[in-house]
Amino acid sequence: MIVKTDSDREGMRAAGKVVKAALDAAERFIKAGVTTLEIDAVVEETIRSMGATPSSKGFHGYPNASCISVNDVVVHGIPSLQVVKDGDIVSVDITALLNGYQSDAARTFAVGNVSEQDAALIAAAKAAFFAGMEYAKAGGHVGDISYAVQLYTELHGYGVVRALTGHGIGHKMHEPPEVPNFGKRGTGAPLRSGLCIAVEPMITAGSWRVYCERDGWTVRTSDKSKAAHYENTVIITDGEPEILTL
Ligand code: MF3
Ligand code: CO
Ligand code: CO
């Protein structure tokens, strides 16, 4: 959506706070020994306690309130009885709907002591997002963000996933335009003041190639390298972007 009124802006901000609170609750809860279903339950309780609903539940038949993706799972991991272990990296992706406004964000969390390489991978996903933010400004194009994310990621030796992209967001979880994590400057949709987008680098320690499992959801790296995901919902302005899920 393109935010035009104060009530739209306030609605997007409020939804963003719900998603941020649910991510924070997941982060506090995650430790070695918990199952991904237990993490999902914490996410769902937090969302509902704030009067919001988990948008992913029932979305194209998706069963849960969050996507929880461990190690070489890039995105859309389905919560299960899988127990997270010391040294795992766990991506949690949450979309919530509050008063008709959607917000979407993801983080990758370290469980206990992770390797230096895995900690660096997690940090690089976040840094790639902020590299994109340098170009997230009215007057530019979506491709400016895509280019910056790709450049940062590849310069640091990581793979940038191509099969999935960021997206517009507003009254629906996924709206135009697509926001790829690779591309060319000056291409793609124009960035207009008020445009709401979810920017979400998905990066790997190896190849950018991924495949989807037979369950129709779980996306894994093809070479079994680990992956990290960092996503926020953002409003484009004439100046700094307003990041709603920090
Ligand atoms: N939150 C995801 C995204 O970043 C989409 C989740 S798909 C669902 O776009 F099926 F789990 F909802
Ligand atoms: Co998401
Ligand atoms: Co998204």
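Of all residues in region 55-98, those satisfying the criterion of being surrounded by fewer than 19 Cβ atoms within 10 Å (Cβ to Cβ) and among the hydroxyl-bearing types (Ser, Thr, Tyr) are TYR62, SER80. Of note, ALA105 satisfies the criterion of being surrounded by 19 or more Cβ atoms within 10 Å (Cβ to Cβ) and either away from ligand 1 (no atom under 15 Å from the Cβ) or of a type in the set (Gly, Ala, Ser) (or both).
The set of residues from region 124-178 being over 27 Å from SER55 (Cα atoms) and among the aromatic types (Phe, Trp, Tyr) comprises TYR135, TYR147, TYR152, TYR158. GLY143 satisfies every condition listed in (1) more than 29 Å from ARG28 (Cβ to Cβ); (2) surrounded by fewer than 19 Cβ atoms within 10 Å (Cβ to Cβ); (3) out of contact with any helix residue (DSSP H, G or I) (no Cβ under 9 Å at 6 or more places or on another chain) except (2). Residues that are within 13 Å of ligand 1 (Cβ to nearest atom) and among the β-branched types (Val, Ile, Thr) within region 151-181 comprise VAL161, THR165, ILE169, VAL179, listed in sequence order.
Could we say that THR46 is of a type in the set (S, T, N, Q) and part of a helix (DSSP H, G or I) here? Yes; evaluated as a whole, the condition is true for this residue.
When region 39-54 is filtered for residues that are crowded, with 21+ Cβ neighbours inside 10 Å, touching a residue at least 40 places away in the same chain (Cβ under 8 Å) and over 23 Å from ASP118 (Cβ atoms), the ones remaining, listed by number, are ILE47, ALA52, PRO54.
Looking only at region 202-225, residues that are within 30 Å of ALA15 (Cβ to Cβ) and either in contact with a helix residue (DSSP H, G or I) (Cβ under 6 Å, 6 or more places away or on another chain) or more than 16 Å from ligand 1 (Cβ to nearest atom) (or both) come to 2 in all. Please determine, by comparing only the residues of region 49-73 that are assigned to a helix (DSSP H, G or I) and within 16 Å of ligand 3 (Cβ to nearest atom), which one is farthest from ARG214 (Cα to Cα). Residue satisfying both the conditions and the ranking: PHE59.
Computed from the coordinates by the stated procedures, all read-outs in this text should not be read as laboratory data. What you are looking at is a predicted structure, and each value in this text was computed from that prediction instead of being measured. Glycine gets a Cβ as well: all are built from the backbone with ideal geometry, and neighbour counts include every protein chain shown.
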